[in-house]
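The values are calculated or read from the model by the stated rules, or taken from the named source; none is laboratory data. Given the structure is predicted, the values throughout are model-derived calculations rather than measurements. Virtual Cβ from ideal backbone geometry, glycine too; neighbours counted across all protein chains shown. Surface accessibility is based on the protein's heavy atoms, side chains included, excluding ligands, DNA and RNA. Shrake-Rupley method; radii C 1.70, N 1.55, O 1.52, S 1.80 Å.
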Amino acid sequence: MRFKYGLILLFNLWLPFLTDAQEDVIPKLRDQFSAASNDTLRLNTAKQLFGQYVYTQVDSAIYFAEQVVALAEKLKSKKEMLNGNNYLSVALSIKGDYEKAAVYAEETLRLHTEAGDSINMAYTYNNLGLNYTYAGDYLKASENLIAAARIKEALVRNGTSSADADLASTIMNLGVVYQNQLDTAQAKAYFEQAIEEAAKAGNDRVGAQSQLSLGNILIEQGESSEALKMMLSAEAVFKTSGDLFSLGKLYNNITLAYAGLEQGREVVRYANLAIETNRQIGNQYSEALGFVYLGLGYIKTRQYRQAIRESNKALIYGEENEANDIRLGALKNLYEAYEALGDYKKAFDFSLRFKEVDELIFAEERAEQIERLSAAYEADKREIEIDNLNKEAELQSLELSKANSERKLLLTLLLSVLIILSLLMYLYRKIVLNKRLLGAKNDELESLNKTKDRFFAIVAHDLRGHIAAFQGTGRLLKHFSAKNDQEKIEKITSEIDNNAGNLSHLLDNLLHWSMEQLHGYKPKPERVNVAEVIDELISIYLPLAKVKGLTLRSELTEDVLVVADRDSLFLIFRNLIANALKFTEDGEVIITGERTEKQWRIAVCDTGIGIPEILQAKLFAIGEEKIRRGTANEKGTGLGLNLAFEFSRMNEGILECESTEGQGTCFYVTLPHV
């Protein structure tokens, strides 16, 4: 199953009074808060309540953090105001409001920096790094965590105790960032270093967190037995400390280790513990993950009805919250369970849904990969720009110093100096102008590269979809051939023919596009009768039109003679007619022509679903934001219209569009006539 492991990250909270969460402590503290005789006592009690709730009931933690801020304002205590802002930043990050959490953390960091408070600067950098980790911005996360680690290392060298500096938690958090970026080797090194540092500081909790994270890597590497030893030793620490947040994630990960060891009964046992623990703290995502693992455990113990029941619970959460990894695991359990029960129809239905979600996750992961590469590129680009600016500043400083010396020593050469300075200014302006032009070209190149990346991701996804369709229909064809079910075999062969036609259309477009991009396509203008081209295309697409119940006809009754490349015209009108059929559910597609003094204007009009106004501005560009499925769920890459536009231009023609959403669309191709 494709899941992100339950990774734990540790915030730094300056709470010297913080004790392990205990059920009997919280009611007493709430009574003390309500009955407090003064605001100072109420503020200290609110801080203790925040510490009790932060990893168990985050909404209650936010409430008491807000109470700390309000009471600090009332008491005019700058120190307690900083504490309150820090608490709010941590709680909001745990809740998932990363943008608001970053605002509080940045303000807290600014005030600690002004005050020269190194330890709280390190704590705040650590918390900012975690917030960006949860938000998925790993570049900013690593920058802030490294800043925190450097300050903490300096504090330890200067005499601060390892326990107070809490260097181990920041090292562990860096490991989590690298694990999220799939750099397993670097992550493993950080987790091992964190375990050693936690042992020095006597910090059992951070040591247990690091063992859990290292266990995750061992599971990925197939070392489930070794991973299980580490995580079971961490269980006692989390139970003793009352850290339900970490314990719930730990139980989910233990189920994975037992699943790798094919111990189904233990998978069921720990999945139930995960569900119960995560339900206590309101962590619905981890609870739903527990239901997926519980379904897996029941499959491994051959209790298929129970597996279906628990997996459906996970699927409901996944559908309602668009949690695709939860959906994927639940759907896999369901189709395996129904297959084991012999209900092949339901098994087949769930397998199709599984493939659909799997393709969606693949596309998302591809997009995330491109974003990570883009972020790395931007970081390198910023460093180069800063280096260039520093060099320019040094060069300007040297030039000014030289000019001042020459003015003092050689007053008689003032005119020559002025000429030299004027020349330097001219050169400087020329350099600036060239840099601006270069910057504009770089921006254009960056935009083209991003468009190319998106386009290749789209094409890869569509090719993968067509190939997957052939694989699936091939297996079905083999299945029904064995049963000699002719009716279903004919239906499947029809689908294969349709998929082959779509794939051929896609590959044809890709061939023409690649030739055009490489400037390998040169139009050969000649006298061409457009009516003959249209009639040939109608004979090709008429069967498809009949399948969809559409009318496809041409009203070009006379010779429509133009000067153009015949192959180009065939490609242009093939894409326009194919698009018109794709986005028309009921009605007709008509091709008409109008002659002016120097041109023919050919129209391909349909009565389809039309094009939203927001998409019309970028209609002829390549980009995934304008890709839609047809009325019969047909796939496309958005390449056809781009090719039609470019090939019209290469033949000294114009391609235009008029469309009203819900009423239909007309594409007009204007070409010079004979």
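Quick rundown of the values:
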item	result
Peptides 245-254, 262-271, 121-130 ordered by average Cβ neighbours within 10 Å, highest first	121-130, 245-254, 262-271
FRET E, pair Arg309, Ala363, Förster distance 45 Å, beta-carbon r, rounded to 0.05	0.90
Full-extension gain in nm, Tyr63 to Ala340, via 0.36 nm per residue minus C-alpha separation	94.8 nm
Span from the segment 92-141 Cα centroid across to the segment 289-342 one, whole angstrom	38 Å
Using a Förster distance of 30 Å, the FRET efficiency for Glu594-Met650 (Cβ separation, nearest 0.05)	0.85
Area accessible to solvent at Ser77, 1.4 Å probe radius, in Å²	30 Å²
Residues whose placed amide H lies under 5 Å from that of Asp117, excluding near-sequence neighbours	none
Hydrodynamic radius of segment 224-367 per Kirkwood, over alpha carbon pairs, in Å	15.5 Å
Mean accessible surface per residue for segment 189-300, computed with a 1.4 Å probe while every protein chain stays in place, in Å²	38 Å²
Net charge contributed by nearby residues that have their C-beta within less than 13 Å of Ala340 (K/R +1, D/E -1)	+2
Solvent-accessible surface (1.4 angstrom probe) belonging to Asp443, in square angstrom, nearest 10	90 Å²
Long-range amide H partners of Trp600 with built H, under 5 Å	Leu671, His673
Accessible area of segment 553-625 belonging to carbon and sulfur atoms, whole % at 1.4 Å probe	46 percent
Solvent-accessible surface ranking, highest first, for Leu571, Leu395 at 1.4 angstrom	Leu395, Leu571
Residue order for Thr108, Thr592, Thr412, Thr240 - accessible surface, 1.4 angstrom probe, largest first	Thr412, Thr240, Thr592, Thr108
Whole-percent carbon and sulfur share, accessible surface of segment 44-198, 1.4 Å	47 percent
In Å², nearest 10: area of Leu437 left accessible to a 1.4 Å probe	100 Å²
Gained length - Leu261 relative to Lys200, 0.36 nm times residue gap less alpha-carbon distance	18.6 nm
Per residue value of the accessible surface for segment 100-165 (all protein chains in place, 1.4 Å probe), Å²	44 Å²
Modelled FRET efficiency - R0 56 Å, Ala617 with Leu409, Cβ distances, 0.05 increments	0.35
Exposure ranking of Val156, Val68 by accessible area [1.4 Å probe, largest first]	Val156, Val68
